[in-house]
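Here is the structure we will look at, set down as structure tokens.
What follows is calculated from the coordinates using simple rules that are stated; it is not laboratory data. Given the structure is predicted, the values throughout are model-derived calculations rather than measurements. Counting neighbours? That spans all protein chains shown, and the Cβs are built from the backbone with ideal geometry, glycine included.
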Amino acid sequence: MKTSFLAECFPVLEKDLLKEIEEHSTLKSFNSQEYIVEQGKFIRFLPIVLSGNIKVFSNEDSIQFLLYYISSGESCIYSFAHIFNNEPAEFSAIAELDSELLLLPINKVNQWLKQYPSFSSLVLSDYQRHYKDLLNTTKQITCYNLDQRLLNYLKNKSKIKKSNILNISHQEIAYDLGTSREVISRLLKKLSLNNQVIQIGRKIKIL
């Protein structure tokens, strides 16, 4: 059943709601690096990640900016914001790992928010969690040096990949942190000298 994950993780959800989600939702698999939402296009669903991990980012003036990650059991704050308007998405979301998502149609989500208190509480709780993620991102930009942001970024990546060795290019890191490849290369050398990371070819090991 598509809703078995929700019933197990969120036992407060009403049985009638689970029946409706089972009937109206779509279960879809996404390969790593496959787009789930593209900036500038309309959103027709609220995604809930059943397995895998999703990277949410925005492009402004040709600069990519990482917003946060969505893990198993979470939905997306920006998709939630689009429930109440009919505007194109101001962000993109891609699968960081091979992922399976439950896609809830926006028109039904709007109805369920009014009809089922448990669903409203679940979505608002998720909204608050990602709001804190955005505040943390803003704090890092305004209060941390770029080398500290880079180290935090690598640690988050390590947690997602469940490995302290990351197969990631300097250019990919630069895209996510909104800077240049040359800056990332220089900062990685600094972190290496401080015995915080080791560069092994195209791989980075976090110490």
For the chain, modelled as a GNM with alpha-carbon contacts under 10 angstrom, which of ILE63, ILE48, ILE36 fluctuates the most?
ILE63
How big is region 145-206 by the Kirkwood estimate over distinct Cα pairs, in Å?
11.4
If contacts are Cα pairs under 8 angstrom and at least 6 residues apart, what is the relative contact order of the chain in percent?
21
What does the charge add up to near ILE94, with Lys and Arg as +1, Asp and Glu as -1, over the other residues with Cβ less than 10 Å from its Cβ?
-2
Env charge @ GLY52, Cβ radius under 10 Å, K,R +1 / D,E -1, value -3
Hydropathy first: keep DSSP H helices in the chain averaging at least -1.0 on Kyte-Doolittle, then drop any whose Cα extent along the axis falls short of 20 Å, and list what survives.
117-143
Proximal lysine pairs, region 1-103, alpha carbons under 26 Å, eight or more residues apart or interchain:
9
If the elastic network links every pair of Cα atoms under 10 Å, which of ASP176, ASP126, ASP61 fluctuates the most in the Gaussian network model of the chain?
ASP61
About its Cα centre, the chain carries a charge dipole, from +1 on Lys and Arg Cβ atoms and -1 on Asp and Glu Cβ atoms, whose size in debye to the nearest 20 is 920
For the chain, calculated [θ]222 nm from helices alone, where every DSSP H run of n ≥ 4 adds -39500 (n - 2.57):
-14000 deg cm²/dmol
Hey, in the GNM for the chain with a 10 angstrom Cα cutoff, which one of LEU193, LEU50, LEU122 fluctuates hardest?
LEU193
